[in-house]
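One structure below.
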Amino acid sequence: MIQTTDLTKEFGDKTAVAGLNLQVKQGEFFCFLGPNGAGKTTTIKMLTGLLRPTRGQALVGGIDIQQNPVEAKRLIGYVPDHPFLYENLTGREFLRFVGGLYQLPEDSTEGLIEELLETFSIREVGDQLVRDYSHGMRQKLSFAACFLHTPQIVIVDEPWVGLDPKNIRFVKDFLRQKTREGATVFMSTHSLSIIEDSADRIGIINQGRLLHCGTLEQIRALVRNPGSLEEVFLQLTEDEVS
């Protein structure tokens with residue numbers, strides 16, 4: 001469902017992502033892990049069509065995101081690390097606006113909006129202006145908007161900021177359930193406990209290069225006497241720097 005070939009992004013003489021070759025299958029929960037500045041968000045912005053690669057190709061659902069952006073984006077649900085929401089709309093109005101962008105039929109969209117507001121526990125604030133939402137409420141509204149058009153590919157970039165432990169667990173379980181239903185999840189996160197609980201495979205990126213990719217067991221097997229995932233991750237990235 002996601003395939004990159006030599007995907008590269010350069011900003012002047014700085015290479016943010018270098019020759020990324022990656023495949024993520026349908027129904028897979030894939031976690032992207034790396035230090036700050038490793039290239040995770042830049043990769044995600046290329047996968048979602050927000051950045052044009054310097055060279056290389058990104059396919060989502062077999063569609064080139066640069067050649068056929070509208071068709072590709074119909075398959076994608078995206079929750080960025082800092083979601084942009086229209087402050088002077090209510091939660092319900094914002095979801096109706098998103099439904100209009102995807103040209104969803106109004107008669108069926110209203111029921112889905114109510115279902116998503118209820119699912120993410122923000123139905124009671126659905127008629128409040130977004131500018132009055134807490135950060136956690138904004139994040140949950142972003143997730144509701146992400147799933148409004150039933151995406152086949154869900155791309156989330158460090159989605160936990162502002163969520164309390166209860167909601168973090170709910171969102172994690174919700175995403176896991178979506179993969180069981182056939183959706184593909186590509187998630188960038190620093191939360192190693194969530195990776196250990198949920199990831200089918202892990203990709204480790206550092207300094208713009210994909211260092212390792214595999215299951216949790218395969219990643220652990222890369223170091224001698226592996227301890228926690230945190231220790232494994234630190235050793236793998238420190239070895240690369242040295």
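The values are calculated or read from the model by the stated rules, or taken from the named source; none is laboratory data. Remember, it's a predicted structure, so these values are computed and weren't measured experimentally. When we count neighbours, we look across all protein chains shown, and the Cβ atoms used for this are built from the backbone with ideal geometry, even at glycine.
Condition check ((1) without any contact (Cβ under 8 Å) to a residue 12 or more places away in the chain; (2) under 23 Å from T42 (Cβ atoms)) across all residues:
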| site | (1), (2) |
| --- | --- |
| V70 | yes, yes |
| D81 | no, yes |
| E93 | yes, no |
| G100 | yes, no |
| L112 | no, no |
| E115 | yes, no |
| S121 | no, no |
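Have a look at R74, R52 and point out the one that is more than 16 Å from the chain's Cα centre (by Cα) and either more than 15 Å from L22 (Cα to Cα) or aliphatic (A, V, I, L, M) (or both). I'd like the intermediate steps shown before the answer.
Numbers: R74 fails: more than 16 Å from the chain's Cα centre (by Cα).
After applying the criteria, what remains is R52.
Given the criteria surrounded by 17 or more Cβ atoms within 10 Å (Cβ to Cβ) and at positive phi, does G126 qualify? First the steps, then the outcome.
Values: surrounded by 17 or more Cβ atoms within 10 Å (Cβ to Cβ): yes; at positive phi: no.
It is false that G126 is surrounded by 17 or more Cβ atoms within 10 Å (Cβ to Cβ) and at positive phi.
Considering each of D64, D81, D107 in turn, give the residue that is surrounded by fewer than 17 Cβ atoms within 10 Å (Cβ to Cβ), in contact with an Asp or Glu (Cβ under 9 Å, 6 or more places away or on another chain) and on the phi < 0 side of the Ramachandran plot. Break it down stepwise before answering.
On the way: D64 fails: in contact with an Asp or Glu (Cβ under 9 Å, 6 or more places away or on another chain); D107 fails: in contact with an Asp or Glu (Cβ under 9 Å, 6 or more places away or on another chain).
Only one candidate passes the filter, namely D81.
Which ones in the stretch 126-143 are farther than 16 Å from E115 by Cα and among the charged types (D, E, K, R)?
Passing the criteria: R131, D132, R138.
From (1) outside any helix (DSSP H, G or I); (2) not assigned by TED's automatic domain parsing to the domain that holds C31; (3) not hydrophobic (A, V, I, L, M, F, W, C), pick out the condition that doesn't hold for Q139.
The one condition Q139 does not meet is (1).
Each row is one residue, and each column tells you yes or no for (1) under 23 Å from the mean Cα position of the chain (by Cα); (2) basic (K, R).
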site	(1), (2)
R201	yes, yes
R209	yes, yes
H212	yes, no
T215	yes, no
I219	yes, no
L222	no, no
E231	no, no
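Given the criterion of a type outside the set (A, V, I, L, M, F, W, C) and under 22 Å from T179 (Cβ atoms), identify the matching residue among Q103, Q152. So that I can check it myself, show each step before the final result.
Working: Q103 fails: under 22 Å from T179 (Cβ atoms).
Just a single option satisfies the conditions, and that option is Q152.
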